[in-house]
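Undergrad: One structure coming up, written as structure tokens, with questions to follow.
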Amino acid sequence: MVGKRNVTTFRKLWKIISRDNCSYYTDDWSVYSEVIPRHQHVVGKQHTLSIGFCRIC
């Protein structure tokens, strides 16, 4: 998706990626709350996993 980081662009992206049976984990950018249905939207890092530091030699 190419566009500005705004609600118009995210709505276009949402039409492509949204699924009824999924939860969406995001940061607290206000546009997400405007577009993603409340029952599918989780804000925060409580479910974020750390991948650690990866070094390729």
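Undergrad: Which angle from 0 to 90°, rounded to the nearest 10, does the C-alpha axis of helix 7-17 make with the longest principal axis of the chain?
TA: For helix 7-17, the angle is close to 80 degrees.
Undergrad: Sticking with this structure for a sec: In nm, to one decimal, how far is the Y24 label point from the H39 one, both placed 7 Å along Cα→Cβ?
TA: With each label point 7 Å from Cα toward Cβ, the separation is 1.6 nm.
Undergrad: A follow-up question, please. Treating only the Cβ of Lys, Arg, Asp and Glu as charged (+1, +1, -1, -1), what charge dipole size does the chain show about its Cα centre? Round to the nearest 20 debye. Could the numbers behind the result be given before it?
TA: Working: 9 positive and 4 negative charges, 45 e Å.
Using only the charged Cβ atoms, the result is roughly 220 debye.
No value in this document is a laboratory result; all are computed from the given coordinates. Fair warning: this is a prediction, and the values are worked out from it, not measured in the lab. FYI the Cβ positions are ideal-geometry reconstructions off the backbone, even for glycines, and counts take in every protein chain you see.
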